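Everything on this sheet refers to the single structure shown next.
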Amino acid sequence: MLEKHFSGEKATLTLDGTTYELPVIIGTEGEKAVDIRALRSTTGYITMDSGFMNTGSCSSAITFLDGEQGILSYRGYGIEDLAESCSFVEVAYLLVHGNLPTPKELGSFSRMLGEFAMLHENMIHFFDGFPPNAAPMAILSSMVNSLSSFYPEMTNNPLENIDLMAARLISKVRTIAAFSYKKSMGHPLVYPRHDLSYCANFLNMMFDSPVRPYEVNDVVVAVLNKLLILHGDHEQNCSTSTVRLVGSARVNLYACISAGISALWGPLHGGANQAVVEMLERIHREGGDYRRCIARAKDPKDPFRLVGFGHRVYKTHDPRSRIIKKACDDVLAALRIDDPLLHIAKEIEEAVLKDEYFVERHLYPNVDFYSGIIYRAIGIPTDMFTVMFALGRLPGWIAHWKEMWDDPNWRIGRPRQIYVGPRRRPFVPLKERTLENV
Ligand code: SDX
């Protein structure tokens, strides 16, 4: 994919008196990169970029985001249009296959999702092996990894089966999430229904019960579709890069997605949506005064971060956060919920956007700041918020795994390092060792 993006321009680099020319790559939307793939072989030098803040790991045709302008698009479609006009299943198809589905393609994809909604009955016994307070993300990661044992044929010749694998995963992960919730409540499992849409089916599996049938609420279904779309993909974020790195060793898709789920679990990444609501609940319990949280976030001696704010790439408003904030207002009004946490969240945002510490560091609300308030409103338990993030991000992970497997120039990912340990030293046999000579 990169070959047609060489601009002809050259970057020059002078090292030890020798000047080298390095090709310049220009992306579809004008991002520029210096191609250093031959740097070490020609100069003996490597680059250092901990956190990969300046390093491109791949070329990709899936998602474009501009952190300065606050722009996000999937396969060339603006996130605002997709969130407003599509279902999550349409966008999942777009991310994995590269184009929005025709009505016929959408029908076929939806039928596959319906066919694959059940779990192998043997898998259901796995839930009983987890302790009652097991973290939902631990359950999800374990169950997804075990799928490769139930569908080995899919892992042997993946690209011929990518459509099946994608549909199987997107459907079964939804069932695993709902079943893990029912198990944590000690309630009977609610099996998927063929007559419900993707999101309605999930909600029904989560909240239907023998004593209180669940009534599908169109407002809730619509906002869940929107939330999952907004989490669909986000270029080379931590969990997607994890899926790619694990996949680069030619690991099967299920194991790679399991690794991505584990990366997303982190409170600095997908775990932030849960941490935001826990922070807001704590502020509410303590009387609603959020100023202490803001003061702690600004204190260089305090490791506390104002979760839900800041982003590695966005240095202006995260476009997703704007859409979610509006959806918050719409859903809570429609459900007639007056959640004090939303008022506190809005007060925090208003204060932060005027505070020099945050302004000069370009810290704005990110995708996680308001999403948990909607999940609360529709009844999702706090410890499942990151599972919801994983449900949305799944098609993006699959799309990146597929794009990498499709790449003829694919290499196993193996970063370099600069060694700063002890110089070579003589070995001391155990019997002669003292504190002075080791
Ligand atoms: C997601 O990559 C993606 O695309 C991720 C994601 C996706 O869709 O996949 O968008 C999803 O993970 C969103 C982020 C969710 N995480 C949080 O909300 C946790 C809180 N945010 C921070 O921890 C932080 O902003 C990060 C981790 C998101 C980004 O960290 P960076 O890019 O490494 O920024 P940094 O740590 O270098 O911070 C730069 C400065 C520092 O201050 P100085 O040392 O310059 O004085 O900003 C400060 C930081 O201390 N800072 C914060 C802060 N975030 C950054 N200070 C207080 N509160 C914060 N939230």
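The values are calculated or read from the model by the stated rules, or taken from the named source; none is laboratory data. These figures come from a predicted structure and were not determined experimentally. All Cβ positions, even for glycine, are placed from backbone atoms using ideal geometry, and neighbour counts span all protein chains on display. The protein model used for the area step is the full one, side chains on, heavy atoms only, and it has no ligands, DNA or RNA in it. Shrake-Rupley method; radii C 1.70, N 1.55, O 1.52, S 1.80 Å.
Of the residues Asp218, Asp233, the single one that is within 16 Å of the ligand (Cβ to nearest atom) and either closer than 20 Å to Cys328 by Cα or within 24 Å of the chain's Cα centre (by Cα) (or both) is Asp233. A Cβ distance below 9 Å, combined with a sequence gap of six or more or placement on separate chains, defines the contacts here; from region 343-356, residues that are on the phi > 0 side of the Ramachandran plot reach no residue that is modelled with pLDDT of 95 or more. Screening Asp195, Asp233, Asp163 for residues that are free of Cβ contacts under 8 Å to residues at least 12 places away in the same chain and either under 22 Å from Gly396 (Cα atoms) or outside any helix (DSSP H, G or I) (or both) leaves exactly one candidate, Asp195. Of the residues Arg433, Arg376, the single one that is in the same structural domain as Glu90 (by TED's automatic domain parsing) and either modelled with pLDDT under 95 or surrounded by 10 or more Cβ atoms within 10 Å (Cβ to Cβ) (or both) is Arg376.
Hand me the list of strands (runs of 3 or more DSSP E) wholly inside region 24-129 holding 1 or more residues that are of a type in the set (S, T, N, Q). First the steps, then the outcome.
On the way: elements: 32-34, 63-66, 71-74.
Answer list for region 24-129: 63-66, 71-74.
Taken residue by residue, region 352-372 has no member that is more than 10 Å from the ligand (Cβ to nearest atom), aliphatic (A, V, I, L, M) and buried (at least 23 other Cβ atoms within 10 Å of the Cβ).
Here is a check on your reading of the model: is Glu403 open to solvent by less than 50 Å² (accessible area, probe 1.4 Å) and of a type outside the set (Gly, Ala, Ser)? Step through it out loud before you land on a result.
Details: open to solvent by less than 50 Å² (accessible area, probe 1.4 Å): yes; of a type outside the set (Gly, Ala, Ser): yes.
Judged against the criteria, Glu403 is a match.
Residues of region 174-192 that are of a type in the set (A, V, I, L, M), in contact (Cβ under 8 Å) with a residue 60 or more places away in the chain and crowded, with 22+ Cβ neighbours inside 10 Å: Ala177 alone.
Assess whether Asp81 counts as being over 20 Å from Ile324 (Cβ atoms) and either surrounded by fewer than 16 Cβ atoms within 10 Å (Cβ to Cβ) or of a type outside the set (A, V, I, L, M, F, W, C) (or both). No, not satisfied. Every condition in (1) open to solvent by less than 80 Å² (accessible area, probe 1.4 Å); (2) free of Cβ contacts under 8 Å to residues at least 40 places away in the same chain is met by Asp338 except one, and the failing one is (1). Would you check if Trp410 is open to solvent by less than 60 Å² (accessible area, probe 1.4 Å), within 16 Å of the chain's Cα centre (by Cα) and farther than 30 Å from Val220 by Cα? Criteria not met by Trp410.
Only residues that are more than 8 Å from the ligand (Cβ to nearest atom), open to solvent by 10 Å² or more (accessible area, probe 1.4 Å) and part of a helix (DSSP H, G or I) were counted in region 259-283, giving 7.
Filtering region 57-70 to residues that are open to solvent by 50 Å² or more (accessible area, probe 1.4 Å) and either within 13 Å of the ligand (Cβ to nearest atom) or under 18 Å from the mean Cα position of the chain (by Cα) (or both) leaves Ser57, Cys58, Ala61.
Within the bounds of region 284-295, is there any residue that is surrounded by 15 or more Cβ atoms within 10 Å (Cβ to Cβ), near the ligand (Cβ under 7 Å from one of its atoms) and assigned by TED's automatic domain parsing to the domain that holds His231?
So far as region 284-295 goes, no, none of its residues is surrounded by 15 or more Cβ atoms within 10 Å (Cβ to Cβ), near the ligand (Cβ under 7 Å from one of its atoms) and assigned by TED's automatic domain parsing to the domain that holds His231.
Within the bounds of region 145-165, is there any residue that is touching a His at 6+ places or on another chain (Cβ under 7 Å), open to solvent by 20 Å² or more (accessible area, probe 1.4 Å) and either of a type in the set (A, V, I, L, M) or assigned by TED's automatic domain parsing to the domain that holds Asn99 (or both)? Yes, some residue in region 145-165 is touching a His at 6+ places or on another chain (Cβ under 7 Å), open to solvent by 20 Å² or more (accessible area, probe 1.4 Å) and either of a type in the set (A, V, I, L, M) or assigned by TED's automatic domain parsing to the domain that holds Asn99 (or both).
Within region 381-436, restricting attention to residues that are within 16 Å of the ligand (Cβ to nearest atom) and small (Gly, Ala, Ser), which residue is farthest from Val96 (Cα to Cα)?
To start, the set of residues in region 381-436 that are within 16 Å of the ligand (Cβ to nearest atom) comprises 382, 385-401.
Adding the requirement that they be small (Gly, Ala, Ser) leaves 390, 392, 396, 399.
Working: Ala390: 16, Gly392: 13, Gly396: 7, Ala399: 4 Å.
Per the criteria, the residue is Ala390.
Residues of region 296-311 being near the ligand (Cβ under 8 Å from one of its atoms) and in a loop (DSSP other than H, G, I, E, B), which ones?
Hits for region 296-311 are Pro300, Phe304, Arg305, Leu306, Val307, Gly308, Gly310, His311.
In region 312-333, is there at least one residue being within 8 Å of the ligand (Cβ to nearest atom), touching a His at 6+ places or on another chain (Cβ under 7 Å) and among the charged types (D, E, K, R)? Yes - at least one qualifying residue is present in region 312-333.
Pick out the one residue from Arg244, Arg168, Arg250 that is among the basic types (Lys, Arg), part of a helix (DSSP H, G or I), under 29 Å from Gly413 (Cβ atoms) and modelled with pLDDT under 95.
Values: Arg244 fails: modelled with pLDDT under 95; Arg250 fails: part of a helix (DSSP H, G or I).
None of the other options fit; the residue is Arg168.
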